[in-house]
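The values are calculated or read from the model by the stated rules, or taken from the named source; none is laboratory data. These figures come from a predicted structure and were not determined experimentally. FYI the Cβ positions are ideal-geometry reconstructions off the backbone, even for glycines, and counts take in every protein chain you see. The accessibility values were calculated without ligands, DNA or RNA, using every heavy atom of the protein model including side chains. Shrake-Rupley method; radii C 1.70, N 1.55, O 1.52, S 1.80 Å.
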Amino acid sequence: MRFVDSSVERVQVKVRGHVDARYVVTCNGRAVPLHPTGVNGEFIAGVRYRAWQPPSCLHPTIGVHAPIVFDIVDTWNQRSLGGCTYHVAHPGGLSYETLPVNAWEAESRRLSRFFRNTHTPGKVVTEAPRRSREFPFTLDLRQD
């Protein structure tokens with residue numbers, strides 16, 4: 001028998017036009033371990049996080065990481081140039097009673113949880129990304 005914790009989710013990040021020597025992509029203040037795709041200026045990574053806290057789960061001591069805040073940080077000026085926020089559920093508390101009827105409605109529901117043009121204000125100091133031996137291209141927010 002294998003237990004699965006449905007409260008843990010993963011988001012994939014793809015960055016284009018990235019200058020690796022100057023800019024860092026952060027998620028909730030931690031550097032994302034970006035990996036080049038082979039296309040000039042294009043990088044990818046994954047972010048694993050606890051989305052919600054069920055009453056019974058495999059790791060009850062790990063807190064919720066949502067909402068997820070991504071920033072593009074200029075390391076020379078220590079400022080966030082921009083970013084976005086992803087909410088696991090509708091930020092207004094809207095709960096859907098039915099499944100989406102088609103792909104358009106599903107996309108609309110996803111977009112209502114995603115906010116562009118939000119970022120961390122003020123000075124932002126980042127560290128080098130910590131790479132896991134098992135998953136070197138995934139930032140695991142549960143490992144704090």
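Odds and ends about this structure:
- Residues located in the range 26-57, provided they are within 17 Å of Asp74 (Cα to Cα), small (Gly, Ala, Ser) and in contact (Cβ under 8 Å) with a residue 40 or more places away in the chain: Gly29, Ala31
- For Arg79: the one exception among (1) touching a residue at least 24 places away in the same chain (Cβ under 8 Å); (2) farther than 16 Å from Val47 by Cβ; (3) loosely packed, with under 15 Cβ neighbours inside 10 Å: (3)
- Listed conditions (1) under 18 Å from Val11 (Cα atoms); (2) out of contact with any strand residue (DSSP E or B) (no Cβ under 6 Å at 6 or more places or on another chain) are all met by Val125, apart from (1).
- Of all residues in the range 10-41, those satisfying the criterion of being farther than 10 Å from Asp71 by Cα and in contact with a His (Cβ under 8 Å, 6 or more places away or on another chain) are Leu34, Gly41.
- Residue that is surrounded by the most Cβ atoms within 10 Å (Cβ to Cβ), among those in the range 5-46 that are within 16 Å of Val124 (Cα to Cα) and touching a helix residue (DSSP H, G or I) at 6+ places or on another chain (Cβ under 8 Å): Cys27
- Filtered residues of the range 103-121 (kept if open to solvent by 60 Å² or more (accessible area, probe 1.4 Å) and in a loop (DSSP other than H, G, I, E, B)): Asn117, His119, Pro121
- One residue from Val124, Val69, Val73 being at pLDDT below 90, surrounded by 12 or more Cβ atoms within 10 Å (Cβ to Cβ) and not basic (Lys, Arg): Val124
- Here the range 87-102 is the region considered, the condition is being modelled with pLDDT under 90 and of a type in the set (Ser, Thr, Tyr), and the residue that is surrounded by the fewest Cβ atoms within 10 Å (Cβ to Cβ) is Ser95.
- Subset tally (residues that are surrounded by 11 or more Cβ atoms within 10 Å (Cβ to Cβ), part of a loop (DSSP other than H, G, I, E, B) and at pLDDT 85 or above) for the range 127-139: 3
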